[in-house]
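The values are calculated or read from the model by the stated rules, or taken from the named source; none is laboratory data. These numbers come from a predicted model, not from an experiment. Cβ placement follows ideal geometry from the backbone for every residue including glycine, while neighbour counts extend to all protein chains displayed.
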């Protein structure tokens, strides 16, 4: 939050943070350096008879360094900068005053931090007035550049991302490997076991924010001291990572019918892991665990350093089969009468993916290349009966396919389940050895 109050006179600041101080985000920093070069050469735009760009939007998850990148931009461009955040984003008079002052010190920069913030106005939760800020940008000196930050692109009204306003839209994704490695090295400046597998930990902390990683360092130290150890161990680090991601381990006495619950969870997660390894081998698994936690009774942890930007019909179908495998495995082990609510999230995701494949991705052989989202506002019932019939066919086909795979690989699933019951956690490398060399997967049925 900014330290300004409404009565403050806007003050120009100088940033001491450079791009070298911002870990990771190589592609984003390269793009920002290019933007600095072009806005410092107005003649490039005069040649094309087009006005100078007035700003950019940095959007992405919280705590990935968007604010630091904005201040580093000011440093690299050698610009004084003004920062507006928190409640001041709702004070249009203050915003106008900032831009008026910035116009006297051009070239200059204005940072609108967390512009997707919501505030209470006359008892109603409301957005920042994007249209008012857009008007300010329209009437501001062309040499005042604006950087706004937001968690999502959708949260910012298009009036502000229209041409001649925030011309550049740049996604700042989760911390990359370099950034995660940097934070781990900071943690390991403290006394630690030299045998810690750093690359393994870097993979495990995938998806965690800078705040999470700062918390991880402190939690690891506290746990080390509490255990009476002299140095941070790999086991302590992994347990603290799992606590941050998945919650604390539940006191086993709090789990009703614990032994039976753990056994069923073991077969559920084992089926997910084995079918995923066979059907989707490009998606790497870091660990499978049945340790009961506050957020889940068990989970398969995936390493998503290279998230898929595009998915094929085959991959989507296989993913649905993996999601169904947990319930199918438990049914095979305990019988159909022992169904429980443990697969609710799996079934929710599977149903959504099938519906999406049919209604918006044009993946069904009979419905064809259609996207019903564009038609639904005109007719809610268009192809409704046909869509329902095809949905049930996809669901039944995926169930049969998944069941056949579970039956075929039941011996491996059982071995993995027993290992989980014995050890609570199985690493990805052990899983790969258990599954063995590349196994055949039947092609998806032609009726889809």
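For segment 118-135, the count of residues that are in a helix (DSSP H, G or I), farther than 25 Å from residue 63 by Cβ and more than 32 Å from the chain's Cα centre (by Cα) is nonzero.
Scanning for something touching a strand residue (DSSP E or B) at 6+ places or on another chain (Cβ under 7 Å), outside the structural domain of residue 75 (by TED's automatic domain parsing) and surrounded by 20 or more Cβ atoms within 10 Å (Cβ to Cβ), does segment 133-150 turn up at least one residue? Within segment 133-150 (the criterion being touching a strand residue (DSSP E or B) at 6+ places or on another chain (Cβ under 7 Å), outside the structural domain of residue 75 (by TED's automatic domain parsing) and surrounded by 20 or more Cβ atoms within 10 Å (Cβ to Cβ)), the answer is no, since none of the residues qualifies. Residue-level check: of (1) part of a helix (DSSP H, G or I); (2) crowded, with 19+ Cβ neighbours inside 10 Å, residue 165 misses just (1).
For residue 52, indicate whether it is on the phi < 0 side of the Ramachandran plot, within 30 Å of the chain's Cα centre (by Cα) and surrounded by 14 or more Cβ atoms within 10 Å (Cβ to Cβ). Taking the combined requirement at face value, the residue does not satisfy it. Under the condition of being closer than 26 Å to residue 25 by Cα and not in a helix (DSSP H, G or I), the residues counted in segment 201-234 number 5. Here residue 71 passes the criteria (1) in a helix (DSSP H, G or I); (2) more than 26 Å from the chain's Cα centre (by Cα); (3) under 15 Å from residue 114 (Cβ atoms) except the one numbered (2). Per the listing 397, 374, the residue uniquely without any contact (Cβ under 8 Å) to a residue 60 or more places away in the chain and within 17 Å of residue 323 (Cα to Cα) is 397.
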